[in-house]
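Beneath this line is the structure, given in structure tokens, with notes to follow.
Since every read-out is calculated from the coordinates, none of them should be taken as a lab result. Worth saying up front: this structure is predicted, and the values here are computed from it rather than measured. Using ideal geometry, Cβ is built from the backbone for each residue, glycine included, and neighbour counts are taken over all protein chains shown.
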Amino acid sequence: MTPPGRAVRYSRYEGTLDDLDATDLLRMLQDALLSSGFERDPWDPDPDARPTLDELERAIAEGLLREGWVDEALLDAAVEADDWRDSELGRLARAQVERLTREGYLRPAGGEPGGGSSAVGDAADPGRATFEVTDKTVDFLGYRTLRDVLGGAGASSVGAHDTDATTTGVETTGASRPYAFGDALNLDVAETFKQAALRDPGGAFELEEGDLWVRESELTSSCATVVLLDCSHSMILYGEDRFTPAKRVALALAHLIRTQYPGDLLRFVLFHDTAEEIPLARLALAQVGPYHTNTAQGLRTARQLLLRAGKDMRQIVMITDGKPSAITLPGGRIYKNAYGLDPLVLGETLREVAACRRAGIQVNTFMLARDPELVAFVQRVSRMTRGKAYFTTPRTIGQYVLQDFQARRTKLVN
């Protein structure tokens, strides 16, 4: 207790690095982790490039300085040091890398999830050593991106996809009907007793199968989704980075589907000269290559994954900026035409679109460019599969012009 008459001075609390949460660190590193290769050399991209330990530590140091967690005097000392990693700022950055590893956000390149306790920061050559992000980091990046990019799209508490059908589950709609063999016994008790009483008003009260009435509920269905991500050269070639915004959209969709629709199946496919499925953990660190755009092979790979999924609803979410410029010929040879919309390439691509339509697969497209030829191509794909087309640019990634070819309407989506 303060003695009478004695003054107490209060000052503003100055936070220390001990107050910095691991998720705050990831927020600072979000742009660095999702880098597309645009900053390195957009004219000669390396699809196998991965951020090094040294780049990670530099990004942490920059984030700490930018947000005021360390004094700029540490920067001056780091600049004057023979090796900045030997300075106090380097030591602090290295400690944060070890912390992220210890808490399960990072692991050494090639390390098994949850296997071993060696820290990423233990590497002898930080300029060459690389690292991997874990599913824990991907989930966080997806959550952050969902908030930043898609706004309120993740606010819904609905956890399943609506259908036009009804069933007799737990979540009722109020309507009831006579019981049929195979229905869940979600009884409408009042109506069941009423039917029994009407059948034999003066007799003993005994229930028979014909007296049973059940309440209906909306039938919801699970969905299989393939996120089809374009990593061709055009995604970083024309003076702007389109691939990082594309990865943001993919991560946001991944987080939304995994959290709001846990019964769904979700897969990821990169398409370029060819196409291949990648695990979610590789999505954040995926890079652009010196590739063409083999949209047909991407659609084919996605369609094959969806047909094996065994789900009632199937969809492809394609994120791209380019006209199809390559196809896979019989025998595996890749035919390329960099100018795009070559009749041979376009014909093969539309055949794959038609195959998706016959398989009941809807193709929804996020187009990150607004060239008239691209818009016309995406509209044709969406119309054929009764899908949706979202038109935007990297600068307006949080706002889309939605063309819904099933509802036949166009609207602005924020």
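Quick notes
- For the range 319-332, 3J(HN,Hα) computed residue by residue from phi via the Karplus equation (6.51, -1.76, 1.60; θ = phi - 60°) reads 10, 8, 9, x, 6, x, 9, 7, 9, 9, 7, x, x, x Hz, glycine and proline entered as x.
- Among the chymotrypsin sites (Phe, Trp or Tyr not before Pro) within the range 275-341, those in coil by DSSP and having at most 16 neighbouring Cβ atoms inside 10 Å are TYR339.
- Lysine pair count for the range 222-413 [Cα-Cα under 28 Å; pairs on different chains or 8 or more apart]: 11
- Charged-residue dipole, Cβ positions (Lys, Arg, Asp, Glu), the range 239-330 about Cα centre, Debye nearest 20: 240 debye
- Over the range 17-132, Cα pairs under 8 Å with separation of 6+ residues give a relative contact order of 28 percent.
- Taking only Cα atoms of the range 222-413, radius of gyration then Dmax in Å: 15.2, 44
- Linear extension gain, ARG383 paired with ASP18, 0.36 nm per residue minus alpha-carbon span: 125.9 nm
- Stretched out straight at 0.36 nm per residue, the stretch from ASP71 to ARG358 would grow longer than its current Cα-Cα span by 97.1 nm.
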